[in-house]
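Computed from the coordinates by the stated procedures, all read-outs in this text should not be read as laboratory data. Predicted model only: the values in this text are computed from it and were never measured. We place every Cβ from the backbone using ideal geometry, glycine too, and count neighbours over all the protein chains shown.
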Amino acid sequence: MTSTFPRYSRIAGTGSYLPPRRLSNAELAAELAARGIETSDEWIVERTGIRARHFAAPDVGSSDLGVAAARQALEAAGCSASDIDLIIVATSTPDMVFPSTAALVQQKLGVHGCPAFDVQAVCSGFVYALTVADSMIRAGSARRALVIGAEVFSRILDFNDRTTCVLFGDGAGAVVLEASETPGVVATELHADGRHVGILCVPGHVSGGQVLGDPLLKMDGQAVFKLAVGVLEEVARSVLGKAGRGAEEIDWLIPHQANIRIMQGTARKLKLPMGKVIVTVDQHGNTSAASIPLALDHGVRSGRIARGDTLMLEGVGGGFTWGAVLLDF
Ligand code: ACO
């Protein structure tokens, strides 16, 4: 008896979107100086590799950024929103408490009926969402999914804390993932360790019509840094092992774009030259769940990533969460 389930899912198209307001490090430093907060382009570039970030206008939400990225991905895949039968949005900065950002994306795309939900795994969100979509496609519950990472981190930044507010930005990336008899996604792995909830969090919440607790981002940068480099190497090796492949078979490493030094550390441990790493953190800072699909789309549209290339996508972030997806593009 032959299975009716597809063996694989594959990326049919990619897209991304950055809001138009771009702030260089020098421009941000000037804005912070007006508040009495001291920072500099030199410090930010040397410690993080970030040169600029984009901030969305006050009336623009994650769903708006996500829709713009989704439209590009749909066009690249040669399909329309009505061909989609699953929408997953990875975000930690949803437009509303509910409904989900995915439901708002569905409404804005002018379609209805297919399942739509959000995934909350902070900067690992896109890798989590892609893994869920791949599993649902291989289980036969969807044939063509829209998987989006979209964030407006500017809304949760404390602009009086120079150790965090210079690091993050807004943006979105998206892929159309469809059923396929050839790879596609080859292997995936997800992890979380709730013992580290406190090192990267936004502790506030809404209760009784009030915001209770602090609704701004808190991070122990050094603790995050140390954990990130270790787990990113470990999960990459584990996913390669599942696929029976070696690190030398990776054409492009597409890590979460948080800090160039974390990316360099991971590449070094995997013995990959930086020429095989897609780096866009310089242009948009840390956009959390949006950073991997943003970097992927940039790699594709710049002509560096070609069909048939082997890609390793790696996410790490609050939770603490981490994961990887190995795929043939
Ligand atoms: N401008 C100027 N000086 C600064 C700034 C700034 N923006 N921020 C901190 N400093 C100062 C500090 O006050 C400190 O000064 P001191 O020595 O007089 O006390 C000095 O710079 C060094 O600070 P450190 O915190 O030791 O700097 P470090 O080299 O660790 O870099 C950083 C900080 C960039 C945050 C780093 O720890 C890091 O990248 N960590 C990982 C962060 C990350 O990737 N987070 C995202 C995870 S994904 C997610 O889920 C969101």
| query | For region 150-207, which GluC sites (Glu not before Pro) are in a loop by DSSP, counting at most 15 other Cβ atoms within 10 Å? | reply | 181
| said: Just to confirm a number: summing +1 for Lys and Arg and -1 for Asp and Glu over residues other than residue 71 whose beta-carbon lies under 14 angstrom from that of residue 71, what do you get? | reply: -3
| request: Please identify, among 183, 273, 293, the residue showing maximal mean-square fluctuation in a Gaussian network model of the chain using a 10 angstrom Cα cutoff. | output: 273
| query | Which net charge results when you count Lys and Arg as +1 and Asp and Glu as -1 among the other residues whose beta-carbon is under 15 Å from that of residue 242? | reply | -3
| note | From fewest to most C-beta neighbours within 10 Å, the residues 322, 252 line up as 252, 322
| field | Dipole axis of the chain (+1 Lys, Arg; -1 Asp, Glu on Cβ), positive-most option in 247, 305, 322 | value | 247
| Over the chain, what is the percentage of antiparallel beta bridges among all DSSP beta bridges, to the nearest 5? | 75
| task | Along Cα→Cβ, 7 Å out, is where each label goes; now give me the distance between the ones at residue 197 and residue 45 in nm to one decimal. | result | 4.1
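For the chain, what is the mean residue ellipticity at 222 nm derived from helices alone (per DSSP H run of n ≥ 4: -39500 (n - 2.57); sum divided by total residues; nearest 500 deg cm²/dmol)?
Numbers: 10 runs with 107 residues, N = 329.
Calculated at 222 nm, the ellipticity per residue is -10000 deg cm²/dmol.
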| task | Choose one answer from 39, 91, 188: the residue with the largest mean-square fluctuation in a GNM of the chain with alpha-carbon springs under 10 Å. | result | 39
| query | Going by alpha carbons, how many degrees (0 to 90, nearest 10) lie between the helix axis of 125-138 and the longest principal axis of the chain? | reply | 10
| request: Give the order of 274, 263 when sorted by the count of other beta carbons within 10 angstrom, beginning with the fewest. | output: 274, 263
| Over all distinct Cα pairs, what is the inverse of the mean 1/r for the chain, reported as the Kirkwood hydrodynamic radius in Å? | 19.7
| request: Within region 297-329, report the trypsin sites (Lys or Arg not before Pro) that DSSP leaves as loop and that have at most 15 other Cβ atoms within 10 Å. | output: 304, 307
| Cα-based helix-to-principal-axis angle, 62-77 vs the chain, degrees rounded to 10 | 30
| Taking the Cβ of residue 12 as the center, what net charge do the other residues with Cβ under 12 Å away carry, scoring Lys and Arg +1 and Asp and Glu -1? | +1
| query | What residue among 179, 56, 243 has the largest mean-square fluctuation in a Gaussian network model of the chain, using Cα springs under 10 Å? | reply | 243
| field | Candidates per GluC sites (Glu not before Pro) in region 30-68, loop by DSSP, up to 11 other Cβ within 10 Å | value | 38
| field | Between helix 260-269 and the chain: long-axis angle, C-alpha atoms, 0 to 90°, nearest 10 | value | 50
